[in-house]
Structures are given as C-alpha cells and as structure tokens.
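**Q** Here's a structure for you.
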Amino acid sequence: MSTSELLEKRAKFCIEFWDKFSSWSPTEIYNADETVINFDMPPTRFWALKGRKDPPKIVKLTKHTGRMTAEHGWMDSTGWIFFVQNLLKYAFDGPAALLLDNFDSHVSEEGQRVVVDEANVTVVPLPPNTTAVCQPLDVGVMGPLKAKLRPKFRGISGGTAKEKRLRSSKSTIAAWEELEETTVIRSFEKAIPRYPEVMV
C-alpha cells in the first residue's frame with residue numbers, strides 16, 4: 001500500500017471515528033497493544049560475520065512456567081481473554097472506546113465480546129494494515145518509552161530469571177512514569193486527528 005493510500009485510509013477512518021465519538025471526552029478513548037520488553041535490554045548494534053548463514057542455537061532451553069506466554073510469540077485468544085479478565089477491565093471507570101489493531105484475537109467476535117462482557121467497553125478496530133499511522137501507541141508512545149527504558153539497563157546484566165523479570169518490570173514502570181503526558185496526547189492527536197488532511 002502506498003503512503004497516499006495509507007493516509008487516505010487513515011483519513012476515512014478518522015472521519016468515521018469522530019462522527020461516532022465526537023461527543024466523547026479524550027479520557028474515554030483508549031488504545032491497547034502489545035510490545036516486547038526484554039529482561040536484558042539488547043544492544044543497539046552488534047557484530048555479524050559476512051557470509052555466515054548458520055542460524056543461532058539455544059542449548060538446554062526449557063519452557064518457563066508461571067506466566068502467560070503465547071505459543072508462537074503473538075497474542076492469541078487465550079492470552080487476550082486472560083488480559084481482559086485480569087487487567088484491562090480494571091482500567092475503565094465508565095463508557096470507553098478502545099482502539100485495537102486488526103489482529104484476530106482482538107477484533108474477532110469472541111475477542112470483542114469478552115471486552116464488552118468484562119469491561120463494558122466499545123471495541124473500535126483499526127483498518128487493516130494501518131497501525132503505523134492509526135494506532136496511537138505505535139505512532140508516538142512505544143519509541144519514546146523504549147528510549148527511556150534503554151538507559152535503565154546500561155551496565156546491568158545477569159541475575160536469576162526472577163531478578164531479571166523484577167528489574168524489567170520496575171524499569172518499565174519507571175520509564176513510563178518519566179514519559180510526558182503530552183507525548184501520549186500528541187500520539188492520539190497524530191494518529192486519529194479530528195480533522196485529517198489528505199493530499200489531493
């Protein structure tokens with residue numbers, strides 16, 4: 001899809017969204033998405049030997065227990081239901097619109113039903129293949145969050161799996177608290193502007 005087609009799709013979505021939700025307060029419009037937060041922050045650069053094609057190998061790998069892990073690394077319906085029932089439903093105090101990417105576990109009939117039943121929230125699926133321009137978290141939050149997170153891992157490595165998980169969780173919370181509120185507001189304004197512009 002070309003950039004102009006992508007922006008046209010976004011404009012159409014924004015017009016439809018604000019036509020339906022124009023009377024809603026910005027505090028009633030949410031966005032949820034997943035992102036990877038590593039237990040040990042990976043480097044920004046690494047050395048690779050040219051011409052080498054053998055894949056990396058992990059020796060003596062065992063499956064972890066005691067946490068939600070999707071079989072293939074992507075959110076599945078089981079993970080989505082667990083997330084909604086145990087976390088997401090507590091985020092809302094009243095009516096809300098929840099913007100979600102077009103991933104099947106989020107916007108399937110079952111995925112939307114669990115959000116309505118558990119949280120009494122309206123799911124608003126983003127148009128397919130538009131998260132780069134329509135999803136507030138992708139547009140302007142995840143990049144700054146990870147930029148604030150990276151320095152918290154500098155010079156720190158090792159520890160048990162439990163210590164790494166705890167360090168990762170605390171570092172992510174600290175990075176989130178450092179994120180300016182205006183960063184989040186601007187990401188929503190950029191992703192779903194009330195008056196979108198399209199090049200003609």
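**Q** Out of Val116, Gly143, Ile192, whose Cα points farthest toward the positive end of the dipole of segment 68-196 (charges: +1 Lys, Arg; -1 Asp, Glu; placed on Cβ)?
**A** Projecting each Cα onto the dipole axis, the largest value belongs to Gly143.
**Q** So how do 13-19, 151-157 stack up, highest first, on mean other-Cβ count within 10 Å?
**A** 13-19, 151-157
**Q** Once label points are set 7 Å from the Cα along Cα→Cβ at both Asp76 and Glu34, what is their separation, rounded to one decimal in nm?
**A** Calculated label separation equals 1.0 nm.
All of the numbers you see were taken from the coordinates with simple rules; none came from a lab. Predicted, not measured: the structure shown is a model, and the values here were computed from it. Neighbour counts run over all protein chains shown; Cβ positions are idealised from the backbone, glycine included.
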